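No value in this document is a laboratory result; all are computed from the given coordinates. Note that this is a predicted model, so its numbers are computed, not measured. Heads up, the Cβs are rebuilt from the backbone with ideal geometry, glycines too, and the neighbour counts pull from every protein chain shown.
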Amino acid sequence: MSCATLTDAPEAAPADSPLTTTAAATAPPTEAKTGARAAAPDSAQPWHFFVVASLAAATLAVIVSVRTAPEHLVMVSVTVFAAGAAALATYHVIAPLVAERRRRRVIGAAGRAALLAEKALALRTIKELEFDRAMGKMSQADFEEMAGRLKARALRVMQQLEEASRP
């Protein structure tokens with residue numbers, strides 16, 4: 001049985017080859033691919049607390065355990081780790097419910113340009129509708145319906161732009 005490395009792999013490996021799937025699975029995701037920001041490597045995450053607390057609780061449970069047979073100590077440790085995992089799962093369920101309701105949406109330059117273009121299009125279309133109504137090409141009811149939808153759309157876009165520009 002031989003041990004293959006990534007440098008031993010042929011130039012074009014098949015798509016279902018273990019080498020390509022392993023390389024793809026171990027490659028770090030980039031912000032551009034995932035669209036989400038990765039947490040800073042030195043920042044503490046909530047799961048860190050639960051892992052440390054589970055380790056400390058398991059150690060304490062093993063120390064104070066009356067039965068010292070290995071299988072009993074392993075079961076006590078596994079039970080404490082399961083309780084820590086349940087606590088982490090509970091945290092992940094409850095945290096979004098009590099978190100800030102409106103998160104600030106960050107948009108990039110391209111997103112901002114798209115919103116500005118959409119706003120300009122909606123406002124220009126409203127002006128054209130007003131002109132068509134003034135020329136008698138459109139009934140008042142049709143104008144009110146179409147202009148109402150366009151004004152609501154323009155208002156939503158302006159609110160998104162304002163929300164994104166807040167510090």
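Grab the Cα-Cα distance for Ala134 and Met158, subtract it from 0.36 nm times how many residues apart they are, and report the gain in nm with one decimal. Write down the numbers at each step before the final one.
Numbers: separation 24, 0.36 × 24 = 8.64 nm, distance 2.67 nm.
Here the answer is 6.0 nm.
Given a Förster distance of 35 Å, report the FRET efficiency between Ser43 and Leu123 from their Cβ-Cβ distance, rounded to the nearest 0.05.
0.25
Based on the inverse mean of 1/r over its pairs of different Cα atoms, what is the Kirkwood hydrodynamic radius of the range 46-98, in Å? Mind dumping the intermediate values first?
On the way: mean 1/r = 0.0850 Å⁻¹.
Computed over Cα pairs of the range 46-98, the Kirkwood hydrodynamic radius comes out at 11.8 Å.
Apply the Debye scattering formula to the range 61-162, with a single equal point scatterer on each alpha-carbon and no solvent, then give log10 I(q)/I(0) at q = 0.14, 0.24 Å⁻¹.
-0.76, -1.13
Pull out the extension gain between Leu116 and Ala99, defined as 0.36 nm times the separation in residues minus the alpha carbon to alpha carbon distance; nm, one decimal. Could you put the intermediate results ahead of the total?
Details: separation 17, 0.36 × 17 = 6.12 nm, distance 3.02 nm.
So the chain would gain 3.1 nm between Leu116 and Ala99.
Starting from the Kirkwood radius over alpha-carbon pairs of the range 111-167, derive D by Stokes-Einstein at 20 °C in a medium of 1.002 mPa s and give it in µm² s⁻¹.
On the way: Rh = 12.1 Å.
So the translational diffusion coefficient is about 177 µm²/s.
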